[in-house]
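To keep things clear, I will list the structure first and then write my remarks on it.
Read-outs throughout are calculated quantities, based only on the coordinates presented, and are distinct from any laboratory measurement. For clarity, every value in this text was computed on a predicted model and none was experimentally measured. All Cβ positions, glycine included, derive from the backbone under ideal geometry; neighbour counts span all protein chains shown.
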Amino acid sequence: MWPFRTSVKFTDMDFRTDVHSHILPGVDDGFGSEKNSVKALQLLHEIGLEHSILTPHIYPELYPENTKDKILGRFDEVSSALSATGVTCRVAGEHMVYAGIDSSFQRGNAADSLQLGEGSLLIEMSYAYESQNIKDFVFHLNALGFQPVLAHPERYSYYSRSLVEIRTIVDIDTRLQLNILSLGGFYGNTAKEKAEAILERGLYTYVGTDLHSLAQIDQLKSMRIQRKHVAALEKLLENNEELWNS
Ligand SMILES: [Fe+2]
């Protein structure tokens, strides 16, 4: 790294743990074959990745087969091939906040959830419409002792650049996860600008790839991080490590 450079390559950063990806093959809109999942992890290992939390979508309306048992069963089938890449994987889920989800998170069956780490649940919403029950669901999760982690808030079109809605979500005890490719502008300028603003205000806790395809690894490799964002991003990478170890 040259001290006068205004940016650094993302691949030169200490990216050892990914907390969000769709690498588990054949369960959602991410990777479709074990071969490509293995390839993805090999390529990520070459740029330093050691641990990966696989987070298939859990949304009964779109993926009715993605129950905890189905996802764990699929992981069992491929885990040895995935681990042979040098990246140790575990499986969690990305839970869509849909109307009625509260009933699937009652105290008695809370252990049925697929957690990122001890008590942490990755949740998401539609890119176009805010889930009407998001605040109630967060309160519900908190009451059950879960820590909600909202995926890629910078991509939600209904969250303004002023960050007023995002601050409200953080204030009710939700952690935020940045999609790293947002900082590279791969989801458009608006998502990029919001990602920068959220990062600069210290509102993110974790960072993930949300990887759906091999092509996104090329995007990852091409990314440069502005020097003014490096320290904040390093902190998120450290938090990823802590989550992995929890
Ligand atoms: Fe995702």
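Evaluate segment 93-109: report whether one residue or more is within 16 Å of the ligand (Cβ to nearest atom), among the aliphatic types (A, V, I, L, M) and on the phi < 0 side of the Ramachandran plot.
Checking segment 93-109: at least one residue is within 16 Å of the ligand (Cβ to nearest atom), among the aliphatic types (A, V, I, L, M) and on the phi < 0 side of the Ramachandran plot.
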_Suppose we keep only residues that are assigned to a helix (DSSP H, G or I) and within 16 Å of the ligand (Cβ to nearest atom) within segment 147-182. Which one would you say is nearest to F15 (Cα to Cα)?_
I180
*Residue that is farthest from D210 (Cα to Cα), among those in segment 40-79 that are part of a strand (DSSP E or B) and of a type in the set (V, I, T)*: I58
*Among (1) touching a helix residue (DSSP H, G or I) at 6+ places or on another chain (Cβ under 9 Å); (2) over 21 Å from L24 (Cβ atoms), which single condition is N189 missing?*
(1)
*Complete set of residues in segment 194-224 that are outside any helix (DSSP H, G or I) and hydrophobic (A, V, I, L, M, F, W, C)*: L203, V207, L211, L214, M223
_One residue is enough: does segment 125-135 have a residue meeting the conditions among the β-branched types (V, I, T) and either within 16 Å of the ligand (Cβ to nearest atom) or assigned to a loop (DSSP other than H, G, I, E, B) (or both)?_
no
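In segment 203-219, what count of residues is obtained for those that are among the hydrophobic types (A, V, I, L, M, F, W, C) and within 15 Å of the ligand (Cβ to nearest atom)?
2
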*Only one of (1) under 19 Å from the mean Cα position of the chain (by Cα); (2) within 18 Å of K235 (Cα to Cα); (3) not aromatic (F, W, Y) is not met by S113, so which one is it?*
(2)
*Give the residues of segment 41-67 that are among the aliphatic types (A, V, I, L, M), within 14 Å of the ligand (Cβ to nearest atom) and surrounded by 15 or more Cβ atoms within 10 Å (Cβ to Cβ), sorted by residue number.*
I53, L54, I58
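Per-residue answers, yes or no, for (1) charged (D, E, K, R); (2) more than 20 Å from the chain's Cα centre (by Cα):
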position	(1), (2)
D18	yes, no
E61	yes, yes
A84	no, yes
M96	no, no
D102	yes, yes
*Would you please name the residue that is surrounded by the fewest Cβ atoms within 10 Å (Cβ to Cβ), looking only at residues in segment 136-146 that are of a type outside the set (V, I, T) and not in a loop (DSSP other than H, G, I, E, B)?*
A143
*Determine, yes or no, whether N36 is within 16 Å of the ligand (Cβ to nearest atom) and farther than 23 Å from Y206 by Cα.*
no
